[in-house]
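First comes the structure, then the notes that go with it.
The values are calculated or read from the model by the stated rules, or taken from the named source; none is laboratory data. The structure displayed is predicted, hence computed values, not measured ones. Methodologically, a virtual Cβ is constructed for each residue, glycine included, from the backbone with ideal geometry; neighbour enumeration extends over all protein chains shown. Each accessible area value is taken on the protein alone, full model and side chains, heavy atoms only, with ligands, DNA and RNA left out. Shrake-Rupley method; radii C 1.70, N 1.55, O 1.52, S 1.80 Å.
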Amino acid sequence: MSKNDPYAALRIKEFNIFLLVRFALVFGWSMQFVVIEWQVYALTENPLALGIIGLCEFLPAFLLAPFAGHIVDKKEKRNLFTICIALFSLISFGLFWLTSEQIESSWETTSILYGIYTLVFFGGVLRAFFGPTIFSLIALIVPKKIYPNAATWSSSTWKGANVFGALCGGFLIAWIGVHYTLGVIFFLVMMAFVLVFRIGKKPILNKGSIESVTESLKAGIRFVFNDKVILGALTLDMIAVLFGGAVAIFAVFAKDILDAGPKGFGILNAALSSGSILTMLATTYIPITKNTGKKLLVSVFGFGFCMIIFGASKLMWLSVIALFFSGVFDGISMVVRQTILQLKTPDHMRGRVGAVNSMFVGSSNELGALESGIAARIFGAPLAVILGGTATLIIVSIIGLKNKPLRELDLRKDIAEHEREE
């Protein structure tokens, strides 16, 4: 195998199956996010309601993440992944049922809205387990020396699913309506459930530990907070998503500012992700391991700058371009962060570190949705996005100046060490 083989991870059969499962799940989850955001805004015409969706998913995902990490480190990963997918299928079917003609004609709007919030809440519970399970499973499928390549393909798959999921979500709402779009999502989740059984069971690397739950949780959090590189990388991504992201209020821009309708809504979501996936695919050929820290800082700064342009734009074409380039910078940031985590996390702590990653980054998507909804309600959507992008630029500059280990990070040494070990 070539040392710089861009397809190294794809030569492993189980990893290909894993990518198919992840694509189906993220494609479905991305479509579901788009459909639910659109449906809730159509029911309420209140941007704050979009923020409440974020809160419903954030609270359980954030509060349960440390406990979920402990469970993941103790349990067999393939079976745990299977259980998560099965429960996700129940949530998808529940949303499909809630949007049926029978329910819409017999239930009050408030009852339907509360039903959606409840299912989103249980989705947040699952999110607490999905993140650390996937993070741990990748490391058990591929050898350490190709972690960077596997992280790149996994992240590209995630973003690719977001591209087509968001795009198809918007178009399917216009073509077949909310209810049948949610039926398509349920089918995708069931397809993932069937495919996951083609991945073999994996060894439990932390099986013999006698740590209590409290000690285990403290150890995972302490490891992250004691490593300035990991902590800095997670903080940067959290800040970008929390303050710089505007995905939760794209419906407001599409409907009220750009007058683009559901198709434009899908295009806005897809523009952000398409820049990311193209960049990630490029990194399979152009490694980002040299001057890694500087590239991470520049990418998050560029993301914030592009979001400012998007917030100020009143033109559809300019908004799409701004989102595309924000996706380019986001793609670099994601690949760098995932590579850092995979290379610097001990095998027996992957579940807990993945859980902390979910707390920082995954949950910040939902908290960012709440922040965006509240800010849009107070300041209006355009000013809310501009202020968030500006806050991102300021915080990234401070972290770049204060965190020297992250600023000077170069991952080529870490990769060389893993190659010597194997």
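In summary, helices (runs of 4 or more DSSP H) completely within the stretch 325-422 and bearing 2 or more residues that are modelled with pLDDT of 75 or more occur at 350-357, 363-379, 381-402, 404-407.
Can you find a residue in the stretch 83-95 that is without any contact (Cβ under 8 Å) to a residue 60 or more places away in the chain and farther than 30 Å from R198 by Cβ? No, every residue in the stretch 83-95 fails to be without any contact (Cβ under 8 Å) to a residue 60 or more places away in the chain and farther than 30 Å from R198 by Cβ.
Just checking, does the stretch 13-34 include any residue being closer than 18 Å to S372 by Cβ, open to solvent by less than 20 Å² (accessible area, probe 1.4 Å) and aliphatic (A, V, I, L, M)?
yes
Summed over the stretch 234-271, residues that are open to solvent by 20 Å² or more (accessible area, probe 1.4 Å), closer than 13 Å to M334 by Cβ and touching a Lys or Arg at 6+ places or on another chain (Cβ under 9 Å) total 0. Taken over the stretch 162-176, the criterion of being open to solvent by less than 30 Å² (accessible area, probe 1.4 Å), of a type in the set (A, V, I, L, M) and modelled with pLDDT under 85 is satisfied by V163, A166. Residues in the stretch 276-318 that are small (G, A, S) and either open to solvent by 20 Å² or more (accessible area, probe 1.4 Å) or under 18 Å from the mean Cα position of the chain (by Cα) (or both): S276, A282, S299, G304, A312.
Does A270 qualify as being more than 27 Å from T152 (Cβ to Cβ) and in contact with a helix residue (DSSP H, G or I) (Cβ under 7 Å, 6 or more places away or on another chain)? Against the criterion (more than 27 Å from T152 (Cβ to Cβ) and in contact with a helix residue (DSSP H, G or I) (Cβ under 7 Å, 6 or more places away or on another chain)), A270 does not qualify. The single condition among (1) open to solvent by 20 Å² or more (accessible area, probe 1.4 Å); (2) over 16 Å from T181 (Cβ atoms); (3) small (G, A, S) that G51 does not meet is (1). Within the stretch 79-91, identify whether any single residue is crowded, with 17+ Cβ neighbours inside 10 Å and of a type in the set (S, T, Y), and answer yes or no. Yes. Being in contact with a Ser or Thr (Cβ under 6 Å, 6 or more places away or on another chain) and over 19 Å from A391 (Cβ atoms) is a condition met by at least one residue of the stretch 282-303.
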